[in-house]
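Where a number appears in this text, it was derived from the coordinates with a stated rule and is not lab data. Everything numeric here is computed off the predicted structure, so don't read it as measured data. Neighbour counts run over all protein chains shown; Cβ positions are idealised from the backbone, glycine included.
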Amino acid sequence: MKLLELLTQTPGVAGREERIREVIRKEMEASCDEVRSDALGNLIGLKKGSGQGKIMLAAHMDEIGFLVKYIDDKGFVRLQPVGGFDPRMLMGRRVIVHGKVDLIGNLSPSTKPVHILTEEEKKKQLQIKDFFVDLGLPHEQVKEKVEIGDPVSLRQEFARIGNNYSSKAMDDRAGVLVMLEAIKKIQQHRADIYMVATVQEEVGLRGALTSSFGIVPDLGIALDVTLAADYPGGEEPEYVTRLGEGVAIKIMDSASISDHNLVKRLREIARSENIKHQMEILPRGGTDAGSIQLSRTGIPVATLSVPCRYIHTVNEMVNRNDLEAAIDLLASFLNKTDPLDLNTGSI
Ligand code: CO
Ligand code: ZN
């Protein structure tokens with residue numbers, strides 16, 4: 001999975017997607033008729049059909065990260081989070097500060113070493129603002145290389161673990177991969193297919209809003225990861241999805257309710273082609289579908305999700321077969337669906 005490794009390892013903190021955008025642009029150029037980016041930085045690839053409607057695919061290319069907020073007089077860097085973090089997951093992490101050059105740093109909470117902590121101090125809950133980056137350089141050198149506003153990304157190597165892949169930024173480079181790979185597999189599609197690698201999803205589904213307004217699709221499919229809370233600590237009814245049980249067809253989350261006929265259609269295709277799938281209801285969280293759905297006068301949407309353990313940590317983990325299933329289902333749907341015939345929104 002060389003491509004997934006490249007996608008996850010390339011930085012693209014929300015609002016600063018330029019590096020990941022160029023990686024995806026290369027891939028899109030090989031499989032699309034046209035590729036362009038818009039004012040917000042969304043990357044839009046068009047694969048032309050015979051003009052029977054427009055389908056928009058959206059996978060966000062931004063990842064959660066930080067911006068440099070403050071550099072103190074010892075050269076320690078303070079951070080502004082971009083996207084949702086659990087401070088407990090930041091202990092002992094390493095980051096890359098993307099200044100004039102990329103600098104590796106240690107992320108550490110402003111606390112004393114455990115040896116000299118009092119019992120009272122041990123109980124204190126850490127917050128993001130307690131963390132700082134140690135770049136191992138004196139103040140003057142940090143000031144020379146780093147500016148307020150520079151993006152900071154989490155660092156974690158890509159690993160194959162059993163039947164799974166694990167890395168930072170699997171949210172949502174796994175979705176980007178599904179989109180890129182599915183496009184390679186389609187031949188007889190009639191709709192024009194717009195593949196959008198969106199920006200700023202992690203801060204409020206922003207890129208999908210402007211790109212769908214511009215494209216005016218007849219229907220939209222978001223591709224994203226979703227919770228697979230199927231590990232110790234979770235209750236079975238709250239798993240949302242299970243790793244290895246196939247692509248998840250989303251029924252709803254807190255940003256969108258998928259179009260009923262679109263869900264039915266995806267499910268029928270999955271059943272008839274024996275593509276392993278599961279149905280998903282996510283109580284909290286959203287995907288780009290939430291923005292596409294509310295674009296203009298409303299657009300029918302659905303989301304295909306790749307189940308993912310440990311979301312918003314550096315060890316986000318997806319299953320190989322689930323990725324394959326997502327690619328297969330999306331490709332079949334695109335090959336078989338004429339959005340102008342699909343009876344969306346009518347129930
Ligand atoms: Co996310
Ligand atoms: Zn996501």
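Tabulated data
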quantity	calculated
Helical mean residue ellipticity (222 nm; -39500 (n - 2.57) per DSSP H run of 4+; nearest 500) of the chain	-8000 deg cm²/dmol
Reachable lysines, given that their alpha-carbon falls under 20 Å from the alpha-carbon of residue 123 and they are not under 8 places away in the same chain	112
Where only alpha carbons of region 1-125 are counted, the Rg and the Dmax (Å)	20.3, 70
Proximal lysines relative to residue 185, as straight alpha-carbon distance under 16 Å, when same-chain residues fewer than 8 apart are discounted	47, 48, 336
Ranking of 115, 60, 139 by count of other Cβ atoms within 10 Å, fewest first	115, 139, 60
Scattering profile of region 57-141 at q = 0.14, 0.17, 0.19, 0.22 Å⁻¹ [log10 I(q)/I(0), Debye over alpha-carbon scatterers]	-0.55, -0.77, -0.92, -1.14
Cα gyration tensor of region 75-191 - equivalent ellipsoid semi-axes, whole Å, descending	36, 20, 13
In region 179-266, the trypsin sites (Lys or Arg not before Pro) that fall in loop regions by DSSP, at most 15 other Cβ within 10 Å	185
Stokes-Einstein translational diffusion, the chain - Kirkwood Rh over all Cα pairs, 0.692 mPa s, 37 °C, in µm²/s	158
Reachable lysines, given that their alpha-carbon falls under 17 Å from the alpha-carbon of residue 69 and they are not under 8 places away in the same chain	100, 129, 143, 145
Gaussian network model of the chain, springs between alpha carbon atoms under 10 Å - residue of 297, 287, 226 with greatest fluctuation	297
